[in-house]
1. Compute the distance from the alpha-carbon center of segment 203-218 to that of segment 170-196, in whole Å.
2. What FRET efficiency comes out for Asp344 versus His2 if R0 is 60 angstrom and r is the Cβ-Cβ distance? Round to the nearest 0.05.
3. Positive end of the charge dipole of the chain (Lys, Arg +1 and Asp, Glu -1 on Cβ, about the Cα centre): tell me which of Ala424, Asn329, Cys385 has its Cα farthest that way.
4. List the residues whose amide H sits under 5 Å from the amide H of Leu333, counting only those 5 or more places along or on another chain, with H placed 1.01 Å from N in the peptide plane.
5. Farthest toward the dipole's positive end in the chain, which of Leu228, Gln51, Tyr318, given Cβ charges of +1 (Lys, Arg) and -1 (Asp, Glu) about the Cα centre?
6. What percent does the relative contact order of segment 140-179 come to when contacts are Cα pairs within less than 8 Å and at least six residues apart?
7. Could you tell me what percent of the DSSP beta bridges with both partners in segment 1-152 are antiparallel, to the nearest 5?
8. Search the structure for amide H atoms under 5 Å from the amide H of His6, placed 1.01 Å from N in the peptide plane, and list their residues when 5 or more places away or on another chain.
Amino acid sequence: MHLRLHEHETRRYDWTDRDLRAIVRLNQGAGAELVRAVVDARGHKCLRAFQHVGVLRLAPGRTVHIVPKIHRPTGEDVTDGGVRRALQALIRWLGYAGTLPFHAAERAALEMQNPDWFEVMTRFFAENLRNEWRRGPVRTYISQDDDHSSNLVGRWRVADQLRRPAEKSVFCVTRDEFSGDTPLNRVLRYVCELLRRRTADRQNRAILDGVAGEMDADAITLPHSVTLADADPARILSRLNVRYAPLLSLARLFLSNRSAELLPGQTDDTETWAFTLDMNHLFEQFVAGFIARHRTLCLPDDLADCTILPQTRGAIRYLATRETPPTQNLFALEPDIAFQNPADKSFPLLLDTKYKRLDGNERTNLGVSQSDLYQMFAYAHRYDCPRVILLYPATTDAEIGERAVFRFGDFGATNETLRHVIVATIDTRNDLRTAADVGCFADELNRLLTIIHTKI
């Protein structure tokens, strides 16, 4: 039984007790609520999705596909064509976000035929790993301990040798061997095996089987478990293997959704797994990446020379300072995107993204939460910034553009001391397929930023 639904949508699904156990396991493994089993007012069993999109396998033959709402021109379109268009747009978002190499993501989006998100990303990983491996695996010198060496070759570990007085015919040595069995290659071998056991696509499995065979021929160790810490780029990437950085980024995406270890003797790592993305984080990274890549199209003249700081990197300010020992700054304030004037280091504009739909009800301030406004108040004052934008996605024409303006400060204050929060939306139905689509999206951002600067 397969189900397709959009994020933040509830659809009928005849879940079982086994499904409930699988959902609990997947939610716990993700550290977030991916889906929830509910019963509607008519007594029908349903599944409710939240901000994560992707694929959840509850049991063999029971799969849930959560489709992003981006590029949904015809309502709740969960047909193959509608899902394919949404996933093509999602892959382009990943390219702008830096999760996938930009041009490779564009090529994958254009060539995509399968509307299954997991299989699409598996094909992308498998083909790129195969191509890179055939260019030649990166080898380096790896230190290996040998406590029973018959020859004194390498570095003699005298301290260890003295602890073995009875073993006079062998040496405790450490020698460097030129090998491809590096931490990076082990991570890639692990993810290759993980996907090989999960994929249901014959061509994907054939490619992964071939890559696994080539890696085994080079004596690459298959670990029983790999964590995100093991795949930390700062630990395992160097100038010698930096060409594998895009593959490592995608491998980390698969590892972040891992639900079980590869235990010896298993033919499938688990019958239950998930491969999902948090759209809150992706929307933030996409907007920042798009503006950075197309800044000349997106930014009005007043912001043209500004430095764009994703997550205010390198210029973070804090809400408070603890004066009693130990003295330290507390409660970091990190707007999603900061525009900093390079001349005086001031902040003419801050932008924070919220991946949820506004409700359109003026009585509830369009659905803008009180906690969000408190957060924007802190941003505006600590960064001494006159304008803060709260940017939401829009999926209908009526939702697009500036929606509301909130002013902070005394009503009698001068314009120079006023600070405003502007609630605005951007049309996420644009799939960015053509140069015209990209230009349209950039023009929309430029128009929004220009209006805000001229009116406020």
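Laboratory data are not the source of any read-out in this text; all were calculated from the coordinates shown. Since the model is a prediction, treat every value here as computed from it, not as a measurement. Cβ placement follows ideal geometry from the backbone for every residue including glycine, while neighbour counts extend to all protein chains displayed.
1. Their Cα centres are 17 Å away from one another.
2. E between Asp344 and His2, to the nearest 0.05, is 0.60.
3. Farthest towards the positive pole: Asn329.
4. Arg317, Tyr318, Leu319
5. The residue sitting farthest along the positive end of the dipole is Leu228.
6. 62 percent
7. 70 percent
8. Residues meeting the criterion, in which the H sits 1.01 Å from N, are Val67.
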